[in-house]
Amino acid sequence: MEPTAEIRRLLDVMPASARMLTKIISKPQQAKVIDASFPFPWNQERPIYINFDLWFRLGKSQRDLLLLQTVSWLTGVKWFKPSIYQGVLVAGLLGGLVESTQSDVVGVAIAVGLSAIAGFRIWRTNQSPELELNADAAAIRIAGRRGYSEAEAAAHLLSAIEIVAQIEGRSGLSFNELIRCQNLRAIAGLSSVSLPKSYIQ
């Protein structure tokens, strides 16, 4: 199959809102099957890079779920969702501006320090395993609108994660992938052990 035809098909699989934000780009030189950079607030477009030589080693359903998960992860990163850390970040920046106009070096240092701490907490939240678990759940929901049952979608995503690790020549799954796989096994009905409800936001 030609990459151009597959990109058109994948765009149809995506939710309409994601088509406006993300862009699929062929990148045959990359070692990963599918890759996307962490989206910072100033990124207007969120590209998804696919090595189609490796991509076509996956089944169609596995490709669908892998793309939906990546899209859900990219669109799930929220830098400006109201929270205490966003409030502290904004307050710190405003305080820093006020203190700088008064030439208060100590005040500026404290304000910048508060902003840095809040920014780091926002970054950590957006890098957490919960975000990936939420992306898995969102991908399964979207797949439900594409004709997959919940158990089928979870099983396809589970097998995609495991096969991608083999294709990329990795010795095993990462910690986050192991957590995700256990959760997907439970959703697919392949395991009676599921993650605690409190762990999935």
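A simple count of charges around Gln69, restricted to other residues whose Cβ falls under 12 Å of its Cβ and scoring Lys, Arg +1 and Asp, Glu -1, yields -1. The distance between label points at Ile167 and Asp12 comes to 2.0 nm (points 7 Å beyond Cα on the Cα→Cβ vector). Counting charges near Ser171 (Lys, Arg +1; Asp, Glu -1) among other residues having Cβ under 15 Å from its Cβ returns a value of -2. If we count every other residue with Cβ under 15 angstrom of Ala153's Cβ, Lys/Arg +1 and Asp/Glu -1, where does the sum land? Residues near Ala153 contribute +3 overall.
Every number here is computed from the coordinates shown, using simple stated rules; none is lab data. This structure is a prediction, so every number in the text was calculated from the model and none was measured. We place every Cβ from the backbone using ideal geometry, glycine too, and count neighbours over all the protein chains shown.
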